Amino acid sequence: MNVTKRVQRAGGEGAFLVMAKAQELERQGKSMIYMQIGEPDFNTPENIKQAGIRAIEENYTHYSSTMGRMDFRKAIAEYISRTRGVPVTAEEVLVSPGAKDVLYSACMTLLEDGDEAIYPNPSYPIYESIINISGAKSVPLPILEEKDFGFDRDTFVKLVSPRTKLVVINSPANPTGGIIAREDLELVAEMAKKYDFYVLSDEIYSRLVFEGEHFSIASLPGMKERTIIVDGMSKTYAMTGWRLGYAAGPRELIEWMSKIIANTASCTATFTQIAGIEALTGPQDDVETMRQEFLARREIIVEGLDAIPGVTCRKPHGAFYVFPNVKSFGRSSQEIADHLLYNAGVACLAGRSFGSFGEGYLRFSYATSRENIALALGRIRTALAELK
Ligand SMILES: Cc1ncc(COP(=O)(O)O)c(C=O)c1O
């Protein structure tokens, strides 16, 4: 078919493809444990749901401005100022139907042919895809198990050049649960100032840190002007289906980025923004309850996977994923993921679907009940023994 080179450069998201396959198998009668997708298994907290329902009843069902409702932008600005320790105003905030949309808007606004953008690999597959759509060259920064899935300083320094226009960072990270240490963020900041590039800091898992506190690169001296913080409601407040995200960054850049939203979604649904105000300003107990539950599940799944012959699993420091090493089986991560899907009824993702440096690993989301995790561990152990 005669489609553009641009769309041919676009990648997909394995999680959605595997979900469709798993659902089909389940329809055919196979028992399935879903560990492939990155969404909390909890329901949206009651106070947030009620705020959304009230908003619809009160007819907040019309368009909002492209940048987002001013009351929601103010709530976001206060939240970012408080949680990141960097003063942000409502004018520096852009609301979007999901964090993904502001990642896209930022890349479309800052990148073009001849530019380079450095992104972590393995990582959320959309980074590489949207950089490629923009026409810029996507330059992978390997995220290595030997470095505890943290940040490879030496390689980073080698990859930066005057062509670098954007560096994407994600801490805590999908799919590894890795965290970028403060001194590594300081290095990125130093290079950003030297080479004059922007940092796209995806902080969507910032409330799912298991040791210590989240630290944003935007709070380092001279970095507020060069950082676009991306965050959203999906993971923190179990609101994936509401489609609600945002960016905070330099005012002029944020205004340019809103042009992309004006040309696509027009604006974000009004009643979801009102629910978003409740999420940010209402009680936060449910966020902590969910984090504690993820913490407990992390122990169960890491210990369980590590005990399976041929598998080694590091303890992630944040988010709700594990990224075990399965290289000893001598098969591609896709083959192993397919084997688990079709023969064990466990849906997970091949590490390769997060980039070439993800080969040899699998990603399991432990945003599922402890019972499901225990059941899945038994099935994985049996199925992997068949591959030895
Ligand atoms: C690192 C990362 N960023 C962004 C997103 C997208 O979030 P949203 O649902 O707000 O579009 C995801 C979702 O999986 C993610 O893992």
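Readers should treat all values here as calculations from the given coordinates under stated rules, not as data from a laboratory. All figures in this text were calculated on a predicted structure; none of them were measured in a lab. Note that each Cβ is placed from the backbone with ideal geometry, even for glycine, and that neighbours are counted across all protein chains shown.
Tabulated data
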{"read-out": "Amide proton proximity set for Leu362, modelled H, under 5 Å, gap of 5+", "value": "Val326, Gly351"}
{"read-out": "Pairs of alpha carbons in the chain whose separation is greater than 32 Å (percent)", "value": "33 percent"}
{"read-out": "Lys, Arg +1 and Asp, Glu -1 on Cβ, resulting dipole of segment 72-144 about Cα centre, debye, nearest 20", "value": "400 debye"}
{"read-out": "Under the Karplus curve 6.51 cos²θ - 1.76 cosθ + 1.60, θ = phi - 60°, whole-Hz ³J(HN,Hα) for segment 334-345, x wherever Gly or Pro sits", "value": "5, 4, 5, 4, 5, 4, 5, 5, 7, 9, 10, x"}
{"read-out": "Segment 54-210: relative contact order in percent, alpha carbon pairs under 8 Å with at least 6 residues between", "value": "18 percent"}
{"read-out": "Sum of side-chain charges, Arg331 neighbourhood, beta-carbon under 12 Å (Lys, Arg +1; Asp, Glu -1)", "value": "-1"}
{"read-out": "DSSP-defined antiparallel bridges as percent of all bridges, segment 106-249, nearest 5", "value": "20 percent"}
{"read-out": "Amide H contacts under 5 Å for Gly178, placed H, 5+ residues apart", "value": "Ala173, His317"}
{"read-out": "The chain: relative contact order in percent, alpha carbon pairs under 8 Å with at least 6 residues between", "value": "24 percent"}
{"read-out": "Label-to-label distance, nm, for residues given as Gln50 and Glu299 (7 Å Cα→Cβ offset)", "value": "3.3 nm"}
{"read-out": "Residue-wise HN-Hα coupling along segment 94-99, computed from phi with Karplus coefficients 6.51, -1.76, 1.60 (Hz; x: Gly, Pro)", "value": "10, 8, 8, x, x, 4"}
{"read-out": "Radius 11 Å from Cβ of Gly351, net charge of other residues (Lys, Arg +1; Asp, Glu -1)", "value": "+1"}
{"read-out": "Projected label distance in nm at Thr382 and Trp256, using a 7 Å step from Cα toward the beta-carbon", "value": "5.7 nm"}
{"read-out": "Over 29 Å [Cα-Cα, segment 62-281], rounded percent", "value": "19 percent"}
{"read-out": "Rough spin-label spacing in nm, given labels placed 7 Å along Cα→Cβ, for Glu288 and Glu146", "value": "4.1 nm"}
{"read-out": "Square roots of 5 times each gyration tensor eigenvalue, C-alpha, segment 157-274, largest first, Å", "value": "26, 20, 11"}
{"read-out": "Cubic angstrom per residue, convex hull over Cα atoms of segment 217-285", "value": "109 Å³"}
{"read-out": "The chain - charge dipole about Cα centre, Lys and Arg +1 at Cβ, Asp and Glu -1, debye rounded to 20", "value": "700 debye"}
{"read-out": "Flagged links, alpha-carbon separation over 23 Å, of Lys5/Lys137; Lys158/Lys315; Lys147/Lys194; Lys194/Lys259", "value": "Lys158/Lys315; Lys147/Lys194; Lys194/Lys259"}
{"read-out": "Share antiparallel - DSSP beta bridges, the chain, percent rounded to 5", "value": "45 percent"}
{"read-out": "Dipole magnitude of segment 238-388, debye to nearest 20 (Cβ charges: Lys/Arg +1, Asp/Glu -1, about Cα centre)", "value": "460 debye"}
{"read-out": "Extension gain from Glu335 to Ser81, taking 0.36 nm per residue of separation minus the Cα-Cα distance", "value": "86.9 nm"}
{"read-out": "Alpha-carbon centroids, segment 350-388 and segment 254-330: separation in whole Å", "value": "17 Å"}
{"read-out": "Neighbourhood charge, 14 Å Cβ-Cβ cut-off, centred on Asp285 and excluding it, Lys, Arg +1 and Asp, Glu -1", "value": "-3"}
{"read-out": "Where chymotrypsin sites (Phe, Trp or Tyr not before Pro) fall in DSSP loop in segment 1-76, at most 15 other Cβ within 10 Å", "value": "Phe42, Tyr63"}
{"read-out": "Longest site-free stretch - the chain; sites: GluC sites (Glu not before Pro), DSSP loop, at most 13 other Cβ within 10 Å", "value": "214-385"}
{"read-out": "For segment 49-64, 3J(HN,Hα) per residue [Karplus equation, 6.51 cos²θ - 1.76 cosθ + 1.60, θ = phi - 60°, Hz, x = Gly/Pro]", "value": "4, 5, 5, x, 5, 4, 4, 5, 4, 8, 6, 7, 10, 9, 4, 10"}
{"read-out": "FRET efficiency, 1/(1 + (r/R0)^6) with R0 30 Å, evaluated for Glu26 and Glu211 via beta carbons", "value": "0.25"}
